[in-house]
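**Student:** Have a look at this one before I ask anything.
Bear in mind these aren't lab numbers, they're just calculated from the coordinates by the rules spelled out. Only a predicted model underlies this, so the values are computations on that prediction, with no experimental measurement involved. In this analysis, Cβ positions are derived from the backbone assuming ideal geometry, glycine residues included, and neighbour counts consider all displayed protein chains.
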Amino acid sequence: MKLVGLTGGIATGKSTFAAELRQAGITVIDADEVAKLVTKKGEWGYRRVVAAFGPRVLGQDGELDRQRLGGLVFNDPAARSKLNHATHLPILLRLIKLLVTDFFKFKTEVVLDMPLLFETGFYRITRPRILVAATPGLQEARLMSRDQLPLEDARARIGSQMSVDAKRRMADIVVENEGSREELAQAARTVAEVVKRHRWLHIYVFSPLGVALTITVLAVLR
């Protein structure tokens, strides 16, 4: 199974690109959705976050108040590190479970959609690494329009992330999303074809079938 990395800064169009990859028949695991699942009320990640920050991060329904939690960690590197420490292991274990499940479903390629792909080190197990990028000015305009933010807040959110230039240096494929939705969709279809290359290798070698055949051959040759 080929594991592909997908990342991008805020308001670059990464989620739209991921949706187009799904339309092209590629399995996509959304790390943000996994993070939400492992921090739902009663989950291990939820308990770790509450232990780290106390009941002040809970809403009236007992679930995490994600807006309040985001406000606590946004401008506080120490609090952000505390949150990452609380959630990293639960997210990792859930991702491993999903990947193992996809492996035994004979998935030939899986895209790991992760905003912090490079920052967390997950990029090391993915290839190719795809970056959806846009100019900071375009990110600001999209973020202000989408989230109704003033320019200063939009710049602060963008500035809190790894720079796009640093990400470009670490990526194998860079998709510049500065045009229309259809242009982004076409770029996704093109990338999907690249990802699907040599699919036979992942069916017959890097799959449960390939593992079984390898074990059988080794047993016969002993």
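**Student:** Can you give me the C-alpha center-to-center distance between segment 152-177 and segment 77-99, rounded to a whole angstrom?
**Tutor:** 21
**Student:** Percent relative contact order of segment 2-221, based on C-alpha pairs within less than 8 angstrom and at least six residues apart?
**Tutor:** 34
**Student:** Same structure again: For segment 122-139, in order, what is each residue's ³J(HN,Hα) by Karplus, 6.51 cos²θ - 1.76 cosθ + 1.60 with θ = phi - 60°, in whole Hz (x at glycine and Pro)?
**Tutor:** Going residue by residue, I get 5, 4, 5, 9, 10, 6, x, 10, 9, 10, 9, 10, 8, 5, x, x, 5, 4 Hz, with x marking Gly and Pro.
**Student:** Of the residues Ala134, Ala185, Ala51, which exhibits the maximal mean-square fluctuation in a Gaussian network model of the chain defined by a 10 Å Cα contact cut-off?
**Tutor:** It is Ala51.
**Student:** Still on this structure, I have one more. Tilt of helix 77-104 relative to the longest C-alpha principal axis of the chain, in degrees (0 to 90, nearest 10)?
**Tutor:** The answer is roughly 30 degrees.
**Student:** If packing is taken as the average count of other Cβ atoms within 10 Å, what order do 105-111, 21-27, 145-151 fall into, highest mean first?
**Tutor:** Averaged packing, sorted descending, gives the order 105-111, 21-27, 145-151.
**Student:** Something else about it: Which number gives the lysine pairs in segment 1-107 that have C-alpha atoms under 23 Å apart and are eight or more places apart or on different chains?
**Tutor:** Eligible lysine pairs with Cα atoms under 23 Å apart amount to 14.
**Student:** Here's another thing I want to ask about it. To the nearest 10 degrees, how steep is helix 44-53 against the longest Cα principal axis of the chain, on a 0 to 90 scale?
**Tutor:** Once rounded, the angle reads 30 degrees.
**Student:** On C-alpha positions alone, give me the angle between the axis of helix 208-221 and the longest principal axis of the chain, in degrees, nearest 10.
**Tutor:** It works out to around 40 degrees.
**Student:** When the Karplus curve 6.51 cos²θ - 1.76 cosθ + 1.60 is applied with θ = phi - 60°, which whole-Hz ³J(HN,Hα) does each residue of segment 147-157 get, with x for Gly and Pro?
**Tutor:** So the Karplus estimates, Gly and Pro as x, are 9, 6, 9, x, 4, 4, 5, 4, 5, 5, 5 Hz.
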